[in-house]
Amino acid sequence: MIKSLFVLASILRFAYGHAVITAVTGDNGVTTSGFGVTTDGSVPRNGTTEQPFQLDTPVLKNLVDDPCGATLLGGSIGMTSSLATALTQGGGNLPSLAADNTISFTLHQVNADGGGPFSAMVNTDATGQNWTSALITQQPPGANGLLSGGPVDSQVTAALPTGTTCTGTSADGSVSNICLIRISNGGTGGEAASLASFSNGAGPFGGCFAVTTSSTATSAATTASAAAAATTAATTTKTTKKNKNNNRSLELIGRLAPGLVRRQSELDELVAQHRALEEDIKLKVRELAERQLLTVAMMDEIATAVGTADDIPVDAFAGQIDDGTMGGNSSTSSNTKLSLQDAVNLKAALRTQVEGVLAAFAANQNASLATAGSSFNFTGNLTTETVAQANSDANAAQAAGTTSINAGNAGVGEVQTAVENSLLGQVSTVQSITNGATLLGASPTTAAAVATTTAAAAASTTTAASTSTATTSDKKSKNNKASTNNATVNKDDKSARALNKRLLLSRMVASLEGGDLE
C-alpha cells in the first residue's frame with residue numbers, strides 16, 4: 001500500500017518541480033543568490049506546489065527577450081536590477097572565481113522536473129547578450145531533467161573555460177571584471193549539450209548569477225585565513241623539538257618491530273575494502289528497493305491508463321467526443337483544432353513521453369535521491385510526510401482565498417475551467433467525487449448521482465468567468481502564455497479547483513489504505 005501511494009504521489013507531482021539557485025559562495029567568501037530569487041523567506045522551500053513554492057523559480061522559456069528567465073513572482077528578470085540586488089546581498093561585492101576558474105553554489109531542486117543534469121553558459125560582459133559554453137563539473141542529482149525525492153539542496157560547481165576574461169562593470173563602477181553564469185536543465189538556446197530533458201515542457205529551469213575575477217575582492221574569510229596561517233607559523237617552532245623526539249621513538253619502534261608498519265598498512269587496506277563493499281551493498285539494496293516501486297507491469301499499467309485518459313481531450317480537439325451516445329468516432333465537428341491525423345500523432349507522442357518519464361525514473365538511479373549514490377552532494381531532503389503536509393497547507397490556503405501570483409512571462413497561464421471540462425467530458429467530474437462516496441464498484445446510477453451532486457455543488461460556488469482583453473506589449477504577447485486574450489478565472493473558480501485536487505488525493509489515499517490499489 002505504501003509503495004503504491006509513493007508511486008501515485010510522485011505521478012501527481014510531475015507538474016510540480018523546478019530548480020532555483022539559492023546561494024552562490026565565492027572564493028572571497030562573498031555570498032549572493034541567483035537572479036530573481038528571494039532570500040527573505042517569503043517563498044518557503046519545504047513543498048512542491050506552484051503556489052507558493054515555485055514563485056521565484058527562473059523559467060528559461062524565451063532567452064531572446066529574457067536571457068536569465070522570468071519568474072511568477074516578478075516576471076522578466078532584468079540584468080541591471082538583478083546585478084544591483086546581488087551587489088547589495090554581497091555587501092558591495094560579488095562572489096569571486098577560484099584560481100581554477102570554478103565557482104560553487106547551492107541549487108534548491110523543488111521536485112520532479114528540477115532534476116539534472118545541467119549545462120552552463122557564460123556571458124563575459126555582464127549584459128546577458130552573448131553567451132558561450134561553460135562546464136558543470138559537479139552535477140546535482142537527476143536524469144533527463146527529472147528527480148524523485150525532492151525538495152533537496154544540492155551543491156553544484158561550474159567552471160569557466162581557460163582564458164575566459166570577465167569585462168563587465170557594475171552600474172556605479174565599484175566592481176569590475178564581472179561575468180554572468182547561466183545554468184539550465186533543458187539545453188535550450190545555445191546550451192553546450194542536448195540533455196534530452198523532459199523539463200523542457202514546463203521549463204527548463206535554472207537561472208543566472210554574477211561572479212567577478214577582480215583582485216580587489218577581499219573578504220573576512222581571506223583575512224581569517226591569513227591570521228590562521230600566522231598563528232600556525234608561530235606555533236611551529238614550539239612543536240619542532242617535541243616532534244623530533246616523537247620521530248626518534250617511532251624509528252626505535254620501527255627497528256624493534258620491522259613488520260609492524262607493513263601489517264598496519266595491510267590491515268587498513270582490508271578495513272577500507274570492507275567499508276567500500278558495505279557501501280556498495282547498501283547502494284544496491286536501496287536501488288533495488290527504489291526500483292520495486294515501479295515494476296515493469298506497473299509502468300505498463302500507468303502508461304496505458306494515462307494514455308487512454310489523454311485520448312479524451314485530444315479527440316475533443318479533433319472534433320470527436322468520446323463519451324458521445326453513438327461513440328466518439330460516429331461524428332466529427334467541422335470546427336476543430338486538430339485534424340484526425342494530427343490527433344493520432346499527438347496521442348502517440350504523449351504516450352511515448354509518459355513511457356519515457358516512467359523509464360527514466362525506473363531505470364536510472366540518478367533520477368532518485370534514494371539511489372543517486374555518492375557522486376552527488378545534497379542535503380536537507382525532507383520526508384514525504386513533511387512535503388505532503390506543506391503542499392496540503394498551501395492548497396488549503398488557495399482554497400481559502402489566497403491570491404495566486406503570476407507576474408507573467410514564466411510560461412504559466414490561467415486555465416479556462418469551462419473549456420477544460422468540455423474537453424474532458426464526463427470524466428471532468430471524477431476529480432470532484434468526495435471521499436465519502438466510493439466510485440469504484442458503484443453502480444452507474446450511484447456514480448452518476450454522486451458526480452451530478454458534486455458538480456452542482458461546485459457550480460454553485462463558481463461564478464462565470466469575466467471576459468477581459470489584456471493590454472500588453474508585443475514582447476509580452478510572445479512571452480506570456482498567461483491568457484492575454486482569454487477569460488480570467490476568478491478567485492472562487494481557483495478555490496474550487498484547489499479543493500478538487502485535495503479531494504482527489506484524499507480519495508486515492510483512502511482507496512490505497514483500503515487495499516484497492518495494492
| task | Among the residues of segment 16-25, write down those that are open to solvent by 10 Å² or more (accessible area, probe 1.4 Å) and in contact with a helix residue (DSSP H, G or I) (Cβ under 9 Å, 6 or more places away or on another chain). | result | Tyr16, His18
| field | Residue identified as modelled with pLDDT under 85 and either basic (Lys, Arg) or not in a loop (DSSP other than H, G, I, E, B) (or both) among Val419, Val387 | value | Val419
| remark: Among residues of segment 391-414 being over 22 Å from the mean Cα position of the chain (by Cα) and open to solvent by 60 Å² or more (accessible area, probe 1.4 Å), the residue modelled with the lowest pLDDT is Thr403
| note | Note on segment 29-74: residues of a type in the set (D, E, K, R) and open to solvent by 10 Å² or more (accessible area, probe 1.4 Å) are Asp40, Arg45, Glu50, Lys61, Asp65
| field | Residue that is nearest to Ser197 (Cα to Cα), among those in segment 380-390 that are in contact (Cβ under 8 Å) with a residue 60 or more places away in the chain and open to solvent by 40 Å² or more (accessible area, probe 1.4 Å) | value | Asn381
| query | From Ala349, Ala363, Ala359, which residue is of a type in the set (A, V, I, L, M) and at pLDDT 80 or above? | reply | Ala349
| message | Checking the condition open to solvent by 30 Å² or more (accessible area, probe 1.4 Å), farther than 16 Å from Ser199 by Cβ, touching a strand residue (DSSP E or B) at 6+ places or on another chain (Cβ under 9 Å) and modelled with pLDDT of 95 or more, which residue from Thr124, Thr137, Thr106 passes? | response | Thr124
| task | Take segment 350-379 and flag every residue that is open to solvent by 50 Å² or more (accessible area, probe 1.4 Å) and either among the small types (Gly, Ala, Ser) or assigned to a loop (DSSP other than H, G, I, E, B) (or both). | result | Ala363, Asn364, Ser374, Ser375, Asn377
| request: Could you list, in sequence order, all residues of segment 78-96 that are modelled with pLDDT of 95 or more and in contact with a Cys (Cβ under 8 Å, 6 or more places away or on another chain)? | output: Ser82
| query | For segment 78-103, how many residues are in a loop (DSSP other than H, G, I, E, B) and either of a type in the set (Asp, Glu) or buried (at least 18 other Cβ atoms within 10 Å of the Cβ) (or both)? | reply | 7
| field | Meets criteria (under 30 Å from Glu355 (Cβ atoms), buried (at least 16 other Cβ atoms within 10 Å of the Cβ) and in contact with a Leu (Cβ under 7 Å, 6 or more places away or on another chain)) for Val156 | value | yes
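The values are calculated or read from the model by the stated rules, or taken from the named source; none is laboratory data. From a predicted model like this one, the values you see are computed outputs, not experimental measurements. Note: ideal-geometry Cβ built from the backbone for every residue, glycine included; neighbour counts use all protein chains shown. Please note that ligands, DNA and RNA were not included when accessible areas were found on the heavy atoms of the full protein model with its side chains. Shrake-Rupley method; radii C 1.70, N 1.55, O 1.52, S 1.80 Å.
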